[in-house]
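The values are calculated or read from the model by the stated rules, or taken from the named source; none is laboratory data. Source: prediction; values computed, not measured. So basically every Cβ, Gly included, is an ideal-geometry build from the backbone, and we count neighbours across all protein chains shown. Each accessible area value is taken on the protein alone, full model and side chains, heavy atoms only, with ligands, DNA and RNA left out. Shrake-Rupley method; radii C 1.70, N 1.55, O 1.52, S 1.80 Å.
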Amino acid sequence: MPSVAVKLYSVFFKLILKHRLQNRIQNPLDENNHDTFGVTSRPEESIAAVNPSFTDGVATKDIHIDPHTSLSIRIFLPETCLVSTDSNFKFQSKPRVRALDNGSDNHQHGSSILNDPSHSLLRRNSLGSAEAEKILNRAETNRRNSYALGTDDSKSESGSYRGYSPSTRNCRKLPVMLQFHGGGFVSGSCDSMSNDFFCRRIAKLCDVIVLAVGYRLAPENRYPAAFEDGLKVLHWLAKQSNLAECSKSLGNTRVGGPDLKKSDVQRHIADAFGASMVEPWLAAHGDPSSSCALLLTLPVKNIVSLRSHYTLRSCGQIDLLHMESGMSFWSGCVLLGVSCGANIADYVARKYVESGRLLDPVKVVAQVLMYPFFIGSVPTHSEIRLANSYFYDKPMCILAWKLFLPEEEFSLDHPAANPLVPDRGPPLKRMPPTLTVVAEHDWMRDRAIAYSEELRKVNVDAPVLEYKDAVHEFATLDMLLKTPQAQACAEDIAIWVKKYISLRGHEFSY
């Protein structure tokens, strides 16, 4: 059972949330003054300031990507992007082994290097000495200048910008993850303290660039505004990828070829006001496309993890990456949704499948649904037994759905609310691999598990992680973020996600 502190906090949390929801229902917005620009956060939210330098391992920046709405994103860039990984996997670990086997002198020299903190990057990458030294120098230059600017050509005369500015040479490419926050469609924000902490944790563990989406909230903007915002960000990401490639091509056709300065390359493509249309962090480090890899598929049934805090249910298939020398690694775009954000992520995944190749070169390779905000007119066993559960009980969630769905469309079997209604979208067999995270004391758990089972019936890799003694939003709520269970959940997500985005650092834990 949850602790006494969690139970007390849940009581006050529900009182405050219920009061806010009822106020918004009793004070409807004037339809004549309907503003499509919308809002992406509430005054009561605690906002985390952006930090464009790598002081804690992750740099962040905010971008307003749509001039017609309040849609924005916060980019989380892990400092691992500063280390180039152009070398093949066959170089890993070999030089260090040779150094330790070449006698006592080399052994002492190798030990001194390993114990020297200044060689941490070299030790982490285990590359050849000459190549590692070059990488170390480049990385240290970027790290020193992350508080100012990465290259001299990008310094402003006033020196106002003190954040990370990437270099165009030897930038490490990372997969991209779109993250959709929770809050019942009526609260929460991409830059809240809790969401900022969670996204930093995911960026470090998964080794990805996280784009936290600040979608428009209800009731100012009802369905389908939030869902369209999520899809709009995916289109924006595809546009950024194409613009980055165009900038690179235009840069290489000029005199000087690949030795062109970053400022010259990125300023080729500009809007009507002369501003660059290419986001520099994504252009230098983002890799939302997917390359080929060979997969081995093994049937499994009801695998129970050695860890005691969750059970992995998978009656379908598990894809194991077949590692061969010289084989290219997976990269791509992953969708991650928290609570109601999981509904948005699932919608975006369906629209991506329907779009075919219209979103190339972006490839959605997987999605993670964390305690989805699913509901239906026919109650499940958990909806009956846990209707008055912790933090988000069923009556309050119905209030949130009334605020989100238009009055003429309100139904608990709306396609946005119930994933099991017929004719909801493309065939489930075309959906990307889907990891579902559920909590034992969450009344929405049974419907999320049922959706995962439907995916497995059509041979989609769709495991379920069920955490014991956990409540809704146990891994993302501000009070519970620093609990061991929240940390373990993030680590488990990283283990699964790495199956689909990279061979490097992949762990076989189940």
Every pair of residues 6+ apart whose Cβ atoms lie under 7 Å, when the first sits in segment 438-455 and is closer than 12 Å to Tyr371 by Cβ while the second is open to solvent by 30 Å² or more (accessible area, probe 1.4 Å) and charged (D, E, K, R): Glu440/Lys468; Glu440/Asp469; Trp443/Lys394
Test: residue in segment 418-431 that is crowded, with 19+ Cβ neighbours inside 10 Å, farther than 12 Å from Ile375 by Cβ and in contact (Cβ under 8 Å) with a residue 24 or more places away in the chain: yes
Residues of segment 201-250 that turn out to be open to solvent by 30 Å² or more (accessible area, probe 1.4 Å) and hydroxyl-bearing (Ser, Thr, Tyr), as a count: 2
Total residues in segment 449-480, condition aliphatic (A, V, I, L, M), under 20 Å from the mean Cα position of the chain (by Cα) and at pLDDT 95 or above: 4
Sole exception among (1) open to solvent by less than 10 Å² (accessible area, probe 1.4 Å); (2) within 23 Å of Ser355 (Cβ to Cβ); (3) in contact with a Pro (Cβ under 8 Å, 6 or more places away or on another chain) for Tyr500, by number: (1)
Filtered residue count, segment 379-413, keeping only those that are part of a loop (DSSP other than H, G, I, E, B) and more than 24 Å from Asn27 (Cα to Cα): 8
Any hit, segment 318-330, residues being open to solvent by 10 Å² or more (accessible area, probe 1.4 Å), modelled with pLDDT under 95, touching a Ser or Thr at 6+ places or on another chain (Cβ under 8 Å) and among the β-branched types (Val, Ile, Thr): yes
Tyr371 aromatic (Phe, Trp, Tyr), closer than 30 Å to Leu234 by Cα, out of contact with any Lys or Arg (no Cβ under 6 Å at 6 or more places or on another chain) and open to solvent by 20 Å² or more (accessible area, probe 1.4 Å): no
In segment 340-358, residue surrounded by the fewest Cβ atoms within 10 Å (Cβ to Cβ) [restricted to those that are more than 26 Å from Tyr392 (Cβ to Cβ) and not acidic (Asp, Glu)]: Arg357
Pair list, Cβ < 9 Å and 6+ apart or interchain, from segment 275-297 residues that are more than 12 Å from Ser241 (Cα to Cα) to residues that are among the acidic types (Asp, Glu) and at pLDDT 55 or above: Thr297/Asp461
